[in-house]
Amino acid sequence: MRTIRFLLEKEFRQIFRNRAILILIMVMPVMQLIILPLAADFEVKNINLSVVDHDHSPYSRQLISKITASGYFRLQGYHASLKDAYQLIEEDKVDLALEIPNGFERNLIRENEQQLFIAVNAINGTKAGLGSAYLSSILRDYNQEIRMEWISPTRLQPLPIVEVIPKNRFNPQLNYQFFMVPGILAILLTMVGGFLSALNIVKEKEIGTIEQINVTPIRKHHFILGKLIPFWILGNVVFTLGLVVSWIIYDIFPQGNILAMYGFIWIYLLAVLGFGLLVSTYTDTQQQAMFVMFFFMMIFILMGGLFTSIDSMPGWARWIAALNPVSYLVEVMRMIILKGSGWAAILSHLGILLAFAVVLNGWAILNYRKTN
């Protein structure tokens with residue numbers, strides 16, 4: 001313990017010596033947590049719409065008013081032909097074009113049916129899919145309203161109707177910030193812990209102090225623990241700051257067991273710091289360590305379940321996600337913060353992270369080459 005105490009004293013002196021880096025470690029995650037959830041929104045709005053109305057009837061004007069009143073579409077204007085609308089789509093000025101044919105109102109009244117044409121700018125698949133889905137839903141509602149207008153009032157008992165009333169659990173208003181903030185906090189914690197630990201041993205190699213450490217009687221596991229514990233403490237500080245920001249800015253406070261959440265974070269930090277130290281033992285320069293960590297961070301983020309559901313990935317990708325510690329943290333963060341889960345719900349995830357921590361730190365200790 002005395003050896004570890006001296007190593008910790010050395011590490012903390014090195015950390016606090018460079019106050020600019022220390023401030024960045026604390027300030028940058030906070031700023032990112034304030035900004036990113038405001039931009040990372042799955043709801044698509046301000047969809048640019050071009051209308052080609054060949055009918056100019058009360059029904060067509062009523063339909064256009066209903067579309068623009070929804071709040072999702074921004075009318076870019078009326079155009080004389082579909083060719084003009086296509087030109088705007090090619091120039092990326094319009095996302096959807098709606099063509100209302102001549103005789104729209106007449107065919108609805110006389111023949112009880114009429115087809116509309118929708119052209120979608122699918123260069124952005126997400127925006128195209130949601131935009132066309134929004135527009136199709138509005139058209140169905142409009143169709144239902146017209147049918148109800150045409151039904152003559154009757155004194156007979158109305159036919160039974162099954163009405164479905166959905167209730168959204170844990171996030172009733174479908175606020176995407178509630179969904180994104182826990183995941184973004186998990187990613188920021190991973191990046192801070194992973195990059196700092198990956199650069200730590202490599203920095204000793206570059207400035208030459210690693211040789212002085214190697215000739216001392218310090219054991220390898222003491223050395224790794226001395227490198228791990230300071231950043232484990234900093235990781236907890238960053239996580240606590242993130243919770244405070246989430247509470248103050250977004251009014252998001254953990255609904256579940258806070259001790260369970262911190263217990264999971266403690267194990268998770270051991271795993272991600274162990275991975276960073278393992279990378280540091282394999283690389284010789286900080287540039288190499290940065291590139292290796294950047295490679296793995298991209299996989300961790302994009303295959304961690306933050307932006308896309310892991311269940312929707314192909315089988316081989318789900319196997320990779322099972323080896324991704326970030327995927328467990330993102331899921332557990334949402335479970336505890338939004339769902340109100342406790343120890344019983346996260347035990348399986350905790351066991352997997354504990355295995356990650358043991359393997360990665362053990363591997364880092366074995367791979368660190370100490371020469372006497």
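The values are calculated or read from the model by the stated rules, or taken from the named source; none is laboratory data. These figures come from a predicted structure and were not determined experimentally. Ideal geometry is used to build each Cβ from the backbone, glycine not excepted, and the neighbour counts take in all protein chains shown. Calculation scope for accessible area: heavy atoms of the full protein, side chains included, ligands and nucleic acids excluded. Shrake-Rupley method; radii C 1.70, N 1.55, O 1.52, S 1.80 Å.
Within the shell defined by Cβ-Cβ distances under 13 Å, the residues around Leu75 carry a net charge of +2, with Lys and Arg each +1 and Asp and Glu each -1. Extent along the principal axes, Cα only, for the range 290-372: 53, 29, 22 Å, with the longest axis given first.
To check you understand DSSP bridge types, tell me what percent of the beta bridges within the chain (both residues inside) are antiparallel, rounded to 5. Taking every DSSP beta bridge with both residues in the chain, the antiparallel ones total about 30 percent. If the viscosity is 1.567 mPa s and the temperature 4 °C, what translational diffusion coefficient in µm²/s does Stokes-Einstein give for the range 1-145 when Rh comes from Kirkwood over Cα pairs? Answer, rounded: 68 µm²/s. Charge tally for Ala119 (other residues, Cβ to Cβ under 12 Å; Lys, Arg +1; Asp, Glu -1): -3. From its DSSP helices (H runs of at least four residues, each -39,500 (n - 2.57)), the chain gives a residue-normalised ellipticity at 222 nm of -22000 deg cm²/dmol. At a probe radius of 1.4 angstrom, the accessible area of the chain per residue rounds to 57 square angstrom. Put Arg169, Arg74, Arg110, Arg5 in order of accessible area, highest first, and with a 1.4 Å probe you get Arg110, Arg169, Arg5, Arg74. Normalised by the number of residues in the chain, the mean separation of alpha-carbon contacts (under 8 Å, six or more apart) gives a relative contact order of 19 percent. Roughly how many percent of the accessible protein surface of the chain is carbon and sulfur, given a 1.4 Å probe and a whole-percent answer? Result for the chain: 62 percent of the exposed heavy-atom area is carbon or sulfur. For the range 268-372, applying the loop criterion from DSSP together with a ceiling of 16 other beta carbons within 10 Å to the trypsin sites (Lys or Arg not before Pro) yields Arg369, Lys370. This structure gives semi-axes √(5λ) of the Cα gyration tensor in Å, computed directly, and of [x] 38, 22, 18; [y] 33, 26, 18; [z] 57, 23, 17 that value is listed as [z]. For the range 195-331, what relative contact order do you get, as a whole percent, if you take Cα pairs closer than 8 Å and at least 6 residues apart? 35 percent.
Taking Cβ atoms as reference points and 10 Å as the exclusive limit, the residues near Thr209 contribute a net charge of 0, counting Lys and Arg as +1 and Asp and Glu as -1. Given +1 at the Cβ of Lys and Arg, -1 at the Cβ of Asp and Glu and no other charges, the dipole of the chain around its Cα centre is 1780 debye to the nearest 20. Of the cross-linked pairs Lys10/Lys220; Lys205/Lys227; Lys93/Lys127; Lys45/Lys83; Lys10/Lys227, those separated by over 21 Å at the C-alpha level are Lys45/Lys83.
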